[in-house]
Amino acid sequence: MWGAVCLLLLVTFLVGGIGGIWTIRRRMRELGDTIDALARLRRDEAASLIPTHSALFGALERSIYRLADVYQRRLTEAEEERALLAATLRSMHEGVLVLDAQGDVRLCNEEAQRCFGEGTSLVGKSLLAVSRQPELIELLRQSAATGKPAEGEVALPDGRILQVRVTPVAQPQPAQTLQVIVARDVTETKRLEVTRRDFIANVSHELRTPLTSIRGYAETLADGAVTDPERAKHFLAVIQRHAERLTRLVDDLLALSNLELGKTTLQIATVDVPSLVDRVLEGFGPLARAKKIDLRKQLVSELPPLRADPDRVEQVLVNLVDNAIKYTGEGGSVVVSASATTEARGTHLRSPKPKGAWVEICVKDTGVGIPSRDLPRLTERFYRVDRARSRELGGTGLGLAIVKHILQAHGGAMRIESELGRGTSVFVYLPADATGGASNAAT
């Protein structure tokens, strides 16, 4: 009997042991599945996590699944917000940087990289190691000291000017305060402001000079000089001369304004260059003879016609010949030449296509010449090398500016060469009419 009892106990023990081992192995597999699920969660694979029906681990896995789902949704929302922030920063015309408490860049957009880093990434770098402008350092110091935004202009070594605003951003720990920098390039705005001020000052001066003369002579006539025929005639001639100067100034201002605003409609046609040159030289013939200036043309044979606005091209040539005669002394010469070329060797092209069929027209004089330092500014409005002499000769200071804009409207180009005391040559390039026949120009 005791043998049967022992055998029964042994069998029970063996069965229980086998069942326990099977249960442990099953729990171990379930635990392994749970560990794999956690590993997938760590690898951002939460969507593939499916709870089992295990009584022991099923509830745990379902809790992990719910947690993973919440985590995945928040991660997706964070990625969307990050993408939106990145797109917003990219689209901004202002440069934006975020500095940590140590002055290192934690965030910046492309415009900020162009402003401070020459196009290279600034993240992780010290801003002051990249850009050590005193104005920027002072703005950062002022913002950190007061806890309020600081704003000012920062001049960069390459000549650009930035409008910078530094704003502190408080953090839970004061030692972790961030600073947000917003920088806007205002170089072009500053240049336009200077141009506007100069233009207003120049126009005021140009108007005041003849108006003062007209008023002075008119008051003299009113005070009794009108009874003296000789003096009255002289005063009226001066008034008329200054009135004509005012008329020329207003006409030139209107012409220049219309050209700059694109309000001038070009009447494009085929222009015969020899006929155009003949008309202009005929008009200046009496003035050239009065100053004993040799005014002549020098045109190549088989010269192609222009494809341009005849009136505007004539205005270009009139302005250039007028300047040449004004600044050439008695006994000098002014030569107008023209030839065909395949390259426009000048500036002021509206589109970068210097190659093609062009006609080069050159007005060359033996006048006083222009210092090399003044050549780049000759086409600016009201710019004069010798202001006193220009006013004496009746110039408005707008002639070459008008020439430049007429050439730009045609897609043409311009080049000026000069040597002080030896004369000036102005080259203009206008598109040739490829469909038109060549002119037989007499030299």
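Throughout, read-outs are computed from the coordinates displayed, never taken from laboratory work. On a predicted model such as this, the values are computed, not experimentally measured, just so you know. Because the Cβ atoms are built from the backbone with ideal geometry, glycine has one as well, and the counts that use them run over all protein chains shown.
The slack between Lys190 and Ala357, meaning 0.36 nm per residue of separation minus the straight C-alpha distance, is 56.2 nm.
Highest first, please rank the peptides 289-300, 363-374 by the mean number of other Cβ atoms sitting within 10 Å of their residues. Mind dumping the intermediate values first?
Values: 289-300: 15.3, 363-374: 17.4.
In descending order of packing, they fall as 363-374, 289-300.
For the peptides 215-228, 334-347, 306-319, the ranking by mean Cβ contacts within 10 Å, running from highest to lowest, is 306-319, 334-347, 215-228. Here the relative contact order of the range 92-185, from alpha carbon pairs under 8 Å that lie six or more residues apart, stands at 30 percent.
With a simple spin-label model that places each label point 7 Å from the Cα along the Cα-to-Cβ direction, the separation between Glu81 and Ser301 comes to 8.3 nm.
If the viscosity is 1.306 mPa s and the temperature 10 °C, what translational diffusion coefficient in µm²/s does Stokes-Einstein give for the range 269-431 when Rh comes from Kirkwood over Cα pairs? Walk me through the intermediate numbers first.
Numbers: Rh = 15.9 Å.
The estimated diffusion coefficient comes to 100 µm²/s.
Here the peptides 409-416, 121-128 are ranked by packing, the mean other Cβ count within 10 Å, and the order with the highest first is 409-416, 121-128. Once the C-beta distance of Glu230 and Ala201 is scaled by a Förster radius of 41 Å, the resulting FRET efficiency is 0.60 to the nearest 0.05.
Pairs from the list Lys190/Lys263; Lys233/Lys326; Lys233/Lys364; Lys190/Lys404; Lys297/Lys404; Lys190/Lys364 with a Cα-Cα gap above 29 Å: Lys233/Lys364; Lys190/Lys364.
Between Ala290 and Gln102, full extension at 0.36 nm per residue minus the direct alpha carbon distance yields a gain of 59.9 nm.
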